[in-house]
Amino acid sequence: MLDIRRISTNRWWHKKKTWRFLGIFFILIFLRISKGSLYKDFYFFISKPFWPGQFQKEVIINSIEKESLIKIDLLKKDNIRLREILSLQQSSNNDNISAAVISRKTGSWWRQIILNKGSKDGVEIGNTVVGPGGLLGRVQSTSFFTSSVRLLTSPESKVGVWVDRFQINGLLVGSGDDHPNLIIYSKDADIKVGDFVSSSPASTLLPSNIPIGIIKSIEEPFQTKKTAKVLLLAKPHAIDWVQILNSKI
């Protein structure tokens, strides 16, 4: 009887080490079959206290929202710019020349822009240059490949203009800043802030009725004239493409 008990206790299923080995073996098989899903779930729970808190989540969300707003704003600006370029090109005729601005001196005393079209393209000194918004200036000089445009803001610029509401001619003189001076040689001229200014029908330098700007402020009248500051519609510091008009006066 004792021999039978000794034999039974020596069998493999009565050994703890064997069961431990089998347990580890089956666990490994389970992990293999489940592809580590149990381990991942276990890691999910033990790592939860160390996750980024609500504050970090709000910071990330705010950053994403700001990034989206910036991207939308840039896309809007690009859309407006491309529409202006397309509109400018569509409004041109076969005699006009499209040109890109390759250099600008809009903050200096001489105030000019340089275009990538020159005498080889048919550009001549005195040609009128317009951009989105209206008149920019006139071609001052040309080379074979480029041309220089004297802007309306240059102190050397003087062009005849027309105040539509009062139906009166005037002279637009550059002052070296962003707002050229409008001179009306009549102290009784009823010009007002907001009046629209365009190129004069009597001008011998420019085609008539090109939009220029609006009256921004009016200065105290002199004995024989009135002067005002004009806000230009075309912004030379923000324009990349222009049209060079070849129309003859």
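Each reported figure results from applying straightforward, stated rules to the coordinates on display, with no laboratory input. As the structure is a prediction and not an experimental result, all values here were calculated from the model. Neighbour counts are summed over all protein chains in view; Cβ atoms, including those assigned to glycine, are modelled from backbone coordinates with ideal geometry.
By the scheme Lys and Arg +1, Asp and Glu -1, what is the net charge of all other residues having a beta-carbon under 13 Å from that of LEU232?
Details: positive: ARG111, LYS216, LYS229, LYS235; negative: ASP177, ASP178.
Every neighbour counted, the sum reads +2.
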For ALA202 and ARG20 in one chain, what is 0.36 nm times their gap in residues minus the Cα-Cα distance, to one decimal in nm?
-> 54.8 nm
Once the Cα gyration tensor of the range 97-249 is found, what semi-axes does its equivalent ellipsoid get, as square roots of 5 times the eigenvalues, in whole Å, sorted largest first?
-> 28, 15, 12
Dividing the surface of the Cα convex hull of the range 126-203 by four yields a projected area in nm² of 5.9 nm²
